[in-house]
Protein chains: 2
Amino acid sequence: MTVTFKDVKADLLDQIAQGVMPPGSLLPNETDLAARYGCARATVNRAMRELAEEGIVERKRKAGTRVRSAPIRQARFAIPVVREEIEAQGADYRYSLIQHRKQDVPDWLRARLSLRRGQKIVHVVCMHWADGVPYQHEDRWINPEVVPGVLRASFATSGPNEWLLAEVPFSNAEISFMAIEADQDLADHLDCAPGTALFRTERTTWLPDGPITLVRLTHRQGHRITTRY
Amino acid sequence: MTVTFKDVKADLLDQIAQGVMPPGSLLPNETDLAARYGCARATVNRAMRELAEEGIVERKRKAGTRVRSAPIRQARFAIPVVREEIEAQGADYRYSLIQHRKQDVPDWLRARLSLRRGQKIVHVVCMHWADGVPYQHEDRWINPEVVPGVLRASFATSGPNEWLLAEVPFSNAEISFMAIEADQDLADHLDCAPGTALFRTERTTWLPDGPITLVRLTHRQGHRITTRY
DNA sequence: TAGTGGTCTAGACCACTGA
DNA sequence: CAGTGGTCTAGACCACTAC
């Protein structure tokens, strides 16, 4: 049986976990490890590269590979499409449009998206429901200069997120999570008391051409996001 | 100049972005792409593997590689050590201990961590300050059966997070983010009004031996976490 | 069952960078 | 400037799975 990069990775991880390679210690170089494991250097390289990507070790040319003293653990969160998120829970998904209009870009948004004065922007507000219960409130601004098709979209029966997914293959994004207090409007839509602590996701996306959209997703009371690593 | 996997990756990404390869479309197989780019198949493989890891494409043996229609974009968040997070902002870090005792495991925690009845647990509550302003409230439970050294730690001058980092090389974890309302106690410590919406991180970590710790980090008003992808 | 991706190898050259 | 990781190559065998 040949030694795979997964074998090497698992063994190194095990040695780190067992304390054989304590935090800060220097691992042997790739050539030596390859000899020890009886495999090619490329195999060791892949194992160690993945450990580095996961934040377990730190690699520097000439300096070698060290066990990180404070592992930069990073959590990966999937960014779900709300319809799929709801249906994955076995619930019935429903969408409703609250507002949809083209308007002048407000100043705060112009600053956030680096837009020009006097530009128009599409503003869509809608709700996503799970089994008839309010699930998520969506407040979105879309830049028609980058995605002109938005001027012909109605959003009457499905949300702008799904429309954008079909329209824009992918984009760069900045995403933030925060806690906010429900104002009267959000409280009405999410069926909670004003002042309730709500979880909010805010995402801005760009194409090389310019900013596409800013969206504020406010989740129903008690929503949390979870991941393992 | 030889063609690198980054070249291939960038070119494919560009074609996807430009709509040359629309969502759902099938990419050529590795051998063909290698011929087209004039490089080895391994080079193409690495490029496409990374695109797959990033959720841009989907790969299946025999079926080939397709552009994802709904990119499973995933955001990676670094899990910072609070001292480093504060010092990285150029602020002065200060720590203070609020409570530290060994006690019986409360029922809710026993259920959460799958502990035995009658077991003891170390409960530590402390605060982290940035430039003299409350930054984060930490409420932590540590299982001495897995990390017995905790019974000798004082936590008088530095927090349990740093102690654990030095003690436990790494571990599996489940992390959640949510919004909560400040109770009187949190309000006092974080200098805000009761009922204020606060951002909370909750993390449980395990070693193969058993659960290590459950921690609730409550951040000061207005805290948000952000990432780009 | 045939085609695709997954991985290993042995060797090579190179880029970075710490001692 | 010497040692380390970063990467490419050409070829090979294999594992999975859609057709």
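The values are calculated or read from the model by the stated rules, or taken from the named source; none is laboratory data. All values reported here derive from a predicted model rather than from experimental measurement. Every residue, glycine as well, gets a Cβ built from its backbone with ideal geometry; the counts of neighbours run over all protein chains shown. Calculation scope for accessible area: heavy atoms of the full protein, side chains included, ligands and nucleic acids excluded. Shrake-Rupley method; radii C 1.70, N 1.55, O 1.52, S 1.80 Å.
Could you work out the relative contact order of the stretch B:1-84? I mean the mean sequence separation of Cα pairs under 8 Å and 6+ apart, divided by the number of residues, in percent.
31 percent
Considering the dipole of chain B built from charges on the beta carbon (Lys and Arg +1, Asp and Glu -1) around the Cα centre, which of B:184, B:121, B:77 is farthest to its positive end?
The residue sitting farthest along the positive end of the dipole is B:77.
To the nearest 100 Å², how much accessible surface do chains B and A hide from each other in total, with a 1.4 Å probe?
The B and A chains share an interface burying roughly 4500 Å².
Could you size up the charge dipole of the stretch B:82-219 around its Cα centre, putting +1 on the beta carbon of Lys and Arg and -1 on that of Asp and Glu, and report it in debye to the nearest 20? Intermediate results must be reported in sequence, preceding the final value.
Working: 14 positive and 20 negative charges, 141 e Å.
Rounded to the nearest 20 debye, it is 680 debye.
Across peptide A:174-186, how many C-beta atoms of other chains are within 10 Å of each residue C-beta, on average?
5
Classify the stretch A:5-67 from the C-alpha gyration tensor, please: rounded if a/c falls under 1.5, else prolate or oblate depending on whether a/b exceeds b/c.
Working: a/c = 1.42, a/b = 1.19, b/c = 1.19.
Cα axes put the stretch A:5-67 in the rounded bin.
For a quick check of understanding: with a 1.4 angstrom probe and all protein chains in place, what accessible area in square angstrom does residue B:196 have, to the nearest ten?
Residue B:196 exposes around 10 Å² with every protein chain in place.
5 Å is the cut-off here: which amide hydrogens, built 1.01 Å from N in the peptide plane, fall below it relative to residue B:172, excluding neighbours closer than 5 in sequence?
Here the answer is B:206, since their amide H atoms fall under 5 Å of that of residue B:172.
Convert each backbone phi in the stretch A:57-70 into a coupling constant with the Karplus relation 6.51 cos²θ - 1.76 cosθ + 1.60 (shift: θ = phi - 60°), then list the ³J(HN,Hα) values in order as whole Hz, x for Gly and Pro.
10, 10, 10, 9, 4, 6, 7, x, 10, 10, 6, 5, 6, 10
Starting from the Cα-Cα distance between residue B:184 and residue B:114, subtract it from 0.36 nm times their residue separation and give me the gain in nm to one decimal.
Length difference between fully extended and current span is 22.2 nm.
Under 29 Å from the Cα of residue A:102, which lysines turn up, not counting those fewer than eight places away in the same chain?
Those lysines meeting the cut-off are A:120.
Report, by chain and number, residues whose modeled amide H sits under 5 Å from the one on residue A:158, excluding near sequence neighbours (fewer than 5 apart, same chain).
For residue A:158, whose amide H was placed from the backbone, there are no distant partners under 5 Å.
I'd like the FRET efficiency for residue B:228 and residue B:98, computed as 1/(1 + (r/R0)^6) with the beta carbon distance as r and R0 of 35 Å, rounded to 0.05.
0.50
Taking K and R as +1 and D and E as -1, what net charge do the other residues with C-beta under 12 Å from the C-beta of residue B:186 add up to?
Result for the neighbourhood of residue B:186: -4.
What are the ³J(HN,Hα) values, in whole Hz, obtained from phi via the Karplus relation 6.51 cos²θ - 1.76 cosθ + 1.60 with θ = phi - 60°, for each residue of the stretch A:78-91 in sequence order, with x given for Gly and Pro?
Values, residue by residue: 6, 9, x, 8, 4, 4, 5, 4, 5, 5, 5, 7, x, 9 Hz.
Counting helices only, and only those DSSP H runs with n ≥ 4, report the 222 nm mean residue ellipticity of chain B as the sum of -39,500 (n - 2.57) divided by its residues, in deg cm²/dmol to the nearest 500. Can you show the working numbers first?
On the way: 7 runs with 63 residues, N = 229.
Value at 222 nm, helices only, nearest 500: -8000 deg cm²/dmol.
So how do A:90-102, B:35-47 stack up, highest first, on mean other-Cβ count within 10 Å?
B:35-47, A:90-102
When a/c reaches 1.5 or more, the comparison of a/b and b/c decides; with that in mind, is the protein assembly as shown rounded, prolate or oblate per its Cα gyration tensor? It would help to have the intermediate numbers written out before the result.
On the way: a/c = 1.96, a/b = 1.07, b/c = 1.84.
Oblate is the answer for the protein assembly as shown, as a/c is 1.5 or above yet b/c matches or exceeds a/b.
Using amide H atoms built 1.01 Å from N in the peptide plane, name the residues 5+ places from residue A:105, or on other chains, whose amide H lies under 5 Å from its own.
Amide H to amide H, under 5 Å and 5 or more residues apart or across chains, residue A:105 pairs with A:118, A:119, A:121.
Please report the carbon-and-sulfur percent of the accessible area for chain A; probe 1.4 Å, protein heavy atoms only, DNA, RNA and ligands left out.
47 percent
Given the options A:63, A:90, A:45, identify the residue whose Cα lies farthest towards the positive end of the charge dipole of the stretch A:1-114 (+1 on Cβ of Lys, Arg; -1 on Cβ of Asp, Glu).
Projecting each Cα onto the dipole axis, the largest value belongs to A:63.
Determine ³J(HN,Hα), in whole Hz, for all residues of the stretch B:190-205 in sequence, where each value follows from phi through the Karplus function 6.51 cos²θ - 1.76 cosθ + 1.60 and θ = phi - 60°; x replaces Gly and Pro.
So the Karplus estimates, Gly and Pro as x, are 9, 6, 9, 7, x, x, 4, 6, 10, 8, 10, 10, 10, 9, 10, 10 Hz.
Compute, for the stretch A:1-119, the length of the dipole vector about the Cα centre, with Cβ point charges of +1 (Lys, Arg) and -1 (Asp, Glu) only. Units Debye, rounded to 20.
Here the stretch A:1-119 has a charge dipole of around 760 debye.
As I understand it, the dipole of the stretch A:1-104 uses +1 on the Cβ of Lys and Arg and -1 on the Cβ of Asp and Glu, about the Cα centre. Which of A:99, A:12, A:35 lies farthest toward its positive end?
With unit charges placed on the Cβ atoms, the residue in question is A:35.
Between residue B:162 and residue A:36, how high is the FRET efficiency from 1/(1 + (r/R0)^6) when r is the Cβ-Cβ distance and R₀ = 30 Å? Nearest 0.05. Could you put the intermediate results ahead of the total?
On the way: r = 34 Å, r/R0 = 1.12.
That gives a FRET efficiency of 0.35.
Per residue, how many Å² of accessible area does the protein assembly as shown show with a 1.4 Å probe?
It amounts to 49 Å² per residue over the protein assembly as shown.
Taking the Cα centroid of the stretch A:138-210 and of the stretch A:1-44, what is the distance between the two, rounded to the nearest whole Å?
45 Å
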